[in-house]
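Have a look at the structure below before the remarks.
The values are calculated or read from the model by the stated rules, or taken from the named source; none is laboratory data. This one's a predicted model, so the numbers in the text were calculated from it and none came from an experiment. Here the Cβ positions follow ideal geometry from the backbone for every residue, glycine too, while neighbour counts run over all protein chains shown. When the accessible area is computed, the model is the full protein with side chains, heavy atoms only, and any ligands, DNA or RNA have been set aside. Shrake-Rupley method; radii C 1.70, N 1.55, O 1.52, S 1.80 Å.
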Amino acid sequence: MSSDKITFSLNWSTEPYHIPVYLAQSKGYFKEQGIDVAIMEPSNPSDVTELIGSGKIDLGLKAMIHTLAAKARGWNVTSIGSLLDEPFTGVLYLKGKSGIVDGDFTSLKGKKIGYVGEFGKIQIDELCGHYGMTPDDYTAVRCGMNVAKEIIEGNIDAGIGIECVQQVELEEHLRSQGEDINQVGMLRIDRLAELGCCCFCTVLYIGNDEFIANNPDKVRKFMNAIKKATDFVINSPLDAFEEFCSIKPLMNNDLNTKVFERCFAYLSDSCYNVDRDWQKVNNYGKRLLVLPSDFKPNYTNEFLEWEKPADVSDPDEAQRMMGLNQEYCKCNGGYRRLVLNSV
C-alpha cells in the first residue's frame, strides 16, 4: 500500500538557507500536495548521500560535487532540483593573524588548513599541484561543520567554507570583538582552480533512485511545495525569516539574520538544475579523479512543472555582479537579489 510519507535529510544541522524546506512544512504546502514530510538533521553530514543512496532516507540535500561522487561510488542518488546556487567557496582566514596573503595560494605552505569532508582535502591537494606544492606542504585538519570555530580558537590557520555561512561567522566574531570585519579573507577555489564558478558547492535536492522511480508523483508534489515556499521566501524575506525563527527559535539571533541576508541572493528561484554547471562540475570531478572518464551527470529536471529559465549568457559577468552584491550586503545588510537571466 502506498504511503504519503517522505523522509528528508538536511545536509547538516539547520541553517538559514534551509528556510524553503521548513516553510513548505509550516505553511502547509506539503499538506496541500497530499504528502507528509519528515525533516531530519544528520548527526554526520558525510553520511547523507550514503543514507539516501541506500534507501534508508528518501530525499535530502547535498552539494553537487558530493552528489556526483556518491553516484560514481555506487550510491543510487540523483539531483531533482537546486536550493542554493553557486555560493562563493574557498579557504577562509583572518588577515594579519594567519600569515596568509590575499590571492596567494602558496602562502598556505606550512599552515594548518581545516576542511569539512574528504572532498575539501582532495580539492586543496589538487591545487597544490598547480602551485608548485605537495600535500605534505600543509597540515590538513578535518573540522566537520566547525571551520569558523576552529579558526577563531586558533586551532587552524585557515579552513574551507562558504561566503554566506562560515565567512559571516568569522565576520561576526570580529565585530563582537570590536575588530574590522574586512579582516576576513577568502582564497576562492573557483579562481584558484580557474573553474569560472563555484557551482561545485551548489546545494541540491537529491533523492534515492529507486524511490524516485517508484514515486514520481510524490517527487513532483514535493518539488511543487518547495517551489511555492521558495517563491514566498523570495517575495517576503522578512516574514519568511520571522516564521522560520518561530519554528527554530535558536535561529533568532543577529548572526543567523546576517547569514540569511547573505544566503538570500544564492537561493535558486527556479529550483532548476543548471545544465552548464553540471557539465563544469562533472569535468572538475574527473580532474580531481573522483569521477571516471565516462561518467554522466546524475540530475533531472523532469519533476519541475514550471518554465525553465533562460541560461545566463555571461557567467563571468554574473559572478562579478554577485560579488558586488554580496559585498554590499556585507556592508549594509538587507535582502538583495540579481536578475541574472539578463546577463
Can you spot a residue in the stretch 295-316 that is open to solvent by 60 Å² or more (accessible area, probe 1.4 Å), under 29 Å from D125 (Cβ atoms), among the hydroxyl-bearing types (S, T, Y) and in a loop (DSSP other than H, G, I, E, B)? no
Count of the stretch 8-27 residues which are modelled with pLDDT of 95 or more, among the hydroxyl-bearing types (S, T, Y) and open to solvent by 40 Å² or more (accessible area, probe 1.4 Å): 1
Filter result (open to solvent by less than 40 Å² (accessible area, probe 1.4 Å) and either hydroxyl-bearing (S, T, Y) or in a helix (DSSP H, G or I) (or both)) within the stretch 126-136: E126, L127, C128
G103 - would you say it is over 15 Å from the mean Cα position of the chain (by Cα), open to solvent by less than 60 Å² (accessible area, probe 1.4 Å) and either modelled with pLDDT under 95 or in the same structural domain as A63 (by the TED database) (or both)? no
Only residues that are assigned to a helix (DSSP H, G or I) and closer than 12 Å to A158 by Cα: list them for the stretch 95-120, please. F105, S107, L108
Only one of I206, I234, I226 that is assigned by the TED database to the domain that holds Y328 and in contact with a Cys (Cβ under 7 Å, 6 or more places away or on another chain): I226
Single residue of W12, W75 found to be under 14 Å from the mean Cα position of the chain (by Cα) and of a type in the set (F, W, Y): W12
Within the stretch 185-202, residues touching a His at 6+ places or on another chain (Cβ under 9 Å), open to solvent by 10 Å² or more (accessible area, probe 1.4 Å) and touching a residue at least 60 places away in the same chain (Cβ under 8 Å) come out as L192
Do we find a residue being buried (at least 18 other Cβ atoms within 10 Å of the Cβ), part of a loop (DSSP other than H, G, I, E, B) and among the β-branched types (V, I, T) anywhere in the stretch 271-286? yes
Can you tell me which of (1) surrounded by 24 or more Cβ atoms within 10 Å (Cβ to Cβ); (2) under 16 Å from the mean Cα position of the chain (by Cα); (3) over 20 Å from I124 (Cβ atoms) is the one P87 doesn't meet? (3)
